1. Search segment 114-137 for residues that are under 18 Å from R161 (Cβ atoms) and open to solvent by less than 10 Å² (accessible area, probe 1.4 Å) and pair each with any residue that is in a loop (DSSP other than H, G, I, E, B) and acidic (D, E) when their beta-carbon atoms are under 6 Å apart and the residues are at least 6 apart or on different chains.
2. Checking the structure you have, find out if any residue of segment 205-214 is closer than 24 Å to L98 by Cα and acidic (D, E).
3. Restricting to segment 68-89, and then to whatever is outside any helix (DSSP H, G or I) and under 17 Å from the mean Cα position of the chain (by Cα), can you tell me which residue is farthest from G142 (Cα to Cα)?
4. If you go through segment 223-235, how many residues are open to solvent by less than 40 Å² (accessible area, probe 1.4 Å) and either aliphatic (A, V, I, L, M) or farther than 17 Å from W153 by Cβ (or both)?
5. If L182 satisfies all but one of (1) within 27 Å of R88 (Cα to Cα); (2) within 18 Å of the chain's Cα centre (by Cα); (3) surrounded by fewer than 18 Cβ atoms within 10 Å (Cβ to Cβ), what's the number of the condition it fails?
6. Quick check, is G61 over 28 Å from A210 (Cα atoms) and surrounded by fewer than 17 Cβ atoms within 10 Å (Cβ to Cβ)?
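The values are calculated or read from the model by the stated rules, or taken from the named source; none is laboratory data. As the structure is a computational prediction, the values presented were derived from the model and not from experiment. When we count neighbours, we look across all protein chains shown, and the Cβ atoms used for this are built from the backbone with ideal geometry, even at glycine. What goes into the accessible areas is simple: the full protein's heavy atoms, side chains included, and nothing from ligands, DNA or RNA. Shrake-Rupley method; radii C 1.70, N 1.55, O 1.52, S 1.80 Å.
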Amino acid sequence: MNYDVPDELSVSTDGPVRIVTINRETDLNSVNEKLHWALANVWRQLAADKDAKVVVLTGAGRAFSAGGDLGWITTFLDDPVARDESIREGAQIIEEMLRFPLPVIAAVNGPAVGLGCSVALLCDILLISEDAYLADPHVSVGLVAGDGGAALWPLLTPIMRSREFLYTGDRIDAGKAVELGLASRSVAPGQLRSEAMTLAHRLAKQPVEALQGTKRVVNMYLSQVLSGPLQAGFAAEQVSMRSDDHRARLLAFKKKAHK
């Protein structure tokens, strides 16, 4: 099957397993406009692939995804149309992942930050390299953590444990991520891909209807619980995108990053 996605996201085949790779290696797989679109639109194409049974999602190079591309995000400060479209498309990413029928294994090979963290946590199973970490720094740049963090984390780990990390944006190393329930298990860096592929092929041998039906029930629960918080989160994030605090923090962060 030919996938209609830009080069920023690649889909390869290993028997019944599809490996989806976030493919902006030189930019630590940060999410630009094309990649954002691809993450919203690849899931229906994968679902239409009749030979696919399991998906492995990973990043090229040394990062899973460093979050939003600063150059792209900065354009939202003076382009309300692009800003609002990014919010709509962000909601589509989450909705499509929750609706997707096949099991998805995240192989988190490096930093998974912001939207990258949310995408990883929306997968069914998250394997994390021992030298990788999770982080959601939305608040630190003056934004509500609306595209997954504030709504999703409290379902995966106790609210009291998630608040500090969401409020500060601090990194959560692999061991802590497993302890908190934000990752399934940690894996030695050199073994991550093979572990993910071994698990993927094991799942591919499971009875299809039983596996997909089980996922459907679990995600039905998630969708019902998340619907209110996600809508509120995206609305609040959209408002915070127009704040003076966000503008000042984002421009300062961008300036620091380019030094």
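1. C117/D136; S118/D147
2. Yes; the residues of segment 205-214 include at least one that is closer than 24 Å to L98 by Cα and acidic (D, E).
3. The qualifying residue farthest from G142 (Cα to Cα) is D69.
4. Of the residues in that region, 2 qualify.
5. Result: L182 fails condition (3) only.
6. When the stated conditions are applied, G61 passes them.
Conditions (1) open to solvent by 70 Å² or more (accessible area, probe 1.4 Å); (2) closer than 25 Å to R202 by Cα; (3) within 14 Å of the chain's Cα centre (by Cα), marked per residue:
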residue: V5; (1), (2), (3): no, no, no
residue: S12; (1), (2), (3): no, yes, no
residue: G15; (1), (2), (3): no, yes, no
residue: E25; (1), (2), (3): yes, no, no
residue: E33; (1), (2), (3): yes, no, no
residue: H36; (1), (2), (3): no, no, yes
residue: V42; (1), (2), (3): no, yes, yes
residue: K50; (1), (2), (3): yes, yes, no
residue: K53; (1), (2), (3): yes, yes, no
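Table: residues versus (1) closer than 26 Å to K53 by Cβ; (2) small (G, A, S).
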position	(1), (2)
D78	no, no
E85	no, no
R88	no, no
I94	yes, no
L102	yes, no
A106	yes, yes
P111	no, no
V141	no, no
G146	no, yes
